[in-house]
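Read through the structure below, which is laid out as structure tokens, and then see the notes.
Any read-out appearing in this document is the output of simple, stated calculations on the displayed coordinates, not a laboratory observation. This one's a predicted model, so the numbers in the text were calculated from it and none came from an experiment. Ideal geometry is used to build each Cβ from the backbone, glycine not excepted, and the neighbour counts take in all protein chains shown.
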Amino acid sequence: MDPAYLSALAALAGSTIGGLTSLAASWLSQSVQVRAARYQDDLHRRQGLYKTFIEEASKLYTDAWQSNEPQVSDLVQLYVLISRMRVLSSTPIVEAADAVGQKILQLYRSPNRKLLELEQLLEDQSMNPLREFSRACRAEFPPLGGRRLP
């Protein structure tokens, strides 16, 4: 074989390998960027959902303390949020959200509370129905600043 052909084939093979390597690196880089963007979108979507749930549950919990007659549309909205969590969230989050909904329903069924009862509940930390939900949410998200929160 003529050395000129051999040289040309070697150059062509090197060029092809270099092009394929560049293409593979570019594809891999794009793939990682797309995956990271999807992850961030999912994270923001769930954070927004959890924020809305906490706000709605807090309003309903306050209302349940003051009244025995729930607004059905508000309760339905709470369960809509829980149903959305069933699609987007992990099982511990959904279970904690269900528990919050059950606590609110139980509070609506119970007699209205007096100020003295409220003070006792504040002392023994049982007034916060969102505590376990908040813990489950925190466990699902990556740690802040690279450190794990207690």
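Things to note:
- Extending 7 Å from Cα along the Cβ direction at Ala99 and again at Val80 yields two label points whose distance is 2.7 nm.
- Gain in span if fully extended, Asn112 to Ser134, counting 0.36 nm per residue against the direct Cα distance: 5.3 nm
- Taken about its Cα centre, the stretch 48-87 carries a charge dipole of roughly 260 debye when the Cβ of each Lys and Arg holds +1 and the Cβ of each Asp and Glu holds -1.
- Each peptide in 76-87, 34-45 gets a packing score, the mean of other Cβ atoms within 10 Å over its residues, and the list from highest to lowest is 76-87, 34-45.
- Using 0.36 nm per residue and subtracting the Cα-Cα separation, the extra length available between Leu88 and Ser29 on full extension is 18.6 nm.
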